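As structure tokens, the structure follows; a few thoughts come after it.
The values are calculated or read from the model by the stated rules, or taken from the named source; none is laboratory data. The structure displayed is predicted, hence computed values, not measured ones. Note that we place each Cβ from the backbone using ideal geometry, even for glycine, and neighbour counts take in every protein chain shown. When the accessible area is computed, the model is the full protein with side chains, heavy atoms only, and any ligands, DNA or RNA have been set aside. Shrake-Rupley method; radii C 1.70, N 1.55, O 1.52, S 1.80 Å.
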Amino acid sequence: DQMEFDIEVGPRARAQLTSTGATRVYRHRAGMPDAVQRMQVQVGADALLEYLPDPLIPFAGARYQQTTRIDLAPGAGLFWWDLVAPGRDARAEIFAFERLQTTLDLTAEGRPLALERACLEPQIRPLTSLVRFGPYRHMATFYICRVGLEPDRWLALEAQLNNIADQMSRPGEMLWGVSTLPAHGLVVRALSYSGRTLPGGLAQFWRSARRELYGQEPVLPRKVY
């Protein structure tokens with residue numbers, strides 16, 4: 001199966017996208033190609049895109065590829081998060097998928113800000129290893145960008161959000177961290193034993209960053225608290 005999405009936010013427009021529920025990737029059928037999702041995203045000059053989906057859940061035996069390309073024009077803003085679950089907790093399907101491969105290219109004015117390449121194959125390289133996930137099962141990534149802001153603004157916001165990360169982190173249960181990008185933004189990352197706390201934590205970072213970057217409160221989609 002293959003899905004393709006083209007998202008274009010016009011100049012000075014604002015859009016918020018979410019999902020109707022978790023993205024479920026079912027067991028791979030022998031002899032069939034991997035499930036694939038491709039996203040091509042363009043955010044116009046002085047526009048804003050907020051992409052806030054529910055988690056991706058790879059079922060036992062799933063094989064999935066996700067490719068995302070995002071380009072930001074001058075003055076464009078982005079709030080973009082991804083959450084990945086280890087499988088169906090209720091069925092004890094923890095890291096029982098075959099392969100989860102993700103690619104993300106984030107550029108501003110045609111120049112790269114972030115290039116991500118990940119391939120998780122738990123049957124070959126166990127994710128419970130201390131050099132990978134260790135005791136954690138769920139992960140989240142949150143990109144926060146606004147093209148054209150001075151580097152000092154991002155360093156100050158990084159310090160502010162890292163204070164939130166320190167307050168929410170509990171080793172063995174949940175870890176948060178914040179880092180600036182080469183320009184125009186920063187990235188928040190999290191690992192957690194439980195997926196229940198991640199949406200609320202992401203909402204805290206989103207709320208603080210939106211106040212700082214736009215002077216406005218965010219409009220929360222349903223199921224995010």
Which of the strands (runs of 3 or more DSSP E) found entirely inside the range 60-114 contain at least 3 residues meeting this: over 22 Å from residue 197 (Cβ atoms), touching a residue at least 12 places away in the same chain (Cβ under 8 Å) and open to solvent by 10 Å² or more (accessible area, probe 1.4 Å)? 63-72, 99-108
Do we find a residue being among the basic types (Lys, Arg), under 28 Å from residue 134 (Cα atoms) and in contact with a Lys or Arg (Cβ under 6 Å, 6 or more places away or on another chain) anywhere in the range 91-104? yes
Quick one: which residue in 73, 85, 30 is modelled with pLDDT under 95 and either farther than 17 Å from residue 18 by Cα or touching a Pro at 6+ places or on another chain (Cβ under 6 Å) (or both)? 30
Within the range 12-39, residues over 28 Å from residue 95 (Cα atoms) and polar (S, T, N, Q) come out as 16
When the range 156-170 is checked residue by residue, the ones that are open to solvent by 30 Å² or more (accessible area, probe 1.4 Å), of a type outside the set (S, T, N, Q) and more than 28 Å from residue 42 (Cβ to Cβ) are 156, 159, 166, 170
Counting only residues that are among the β-branched types (Val, Ile, Thr), modelled with pLDDT under 95 and open to solvent by less than 50 Å² (accessible area, probe 1.4 Å), how many does the range 1-22 have? 0
Of the residues in the range 171-206, how many are in a helix (DSSP H, G or I) and open to solvent by 60 Å² or more (accessible area, probe 1.4 Å)? 1
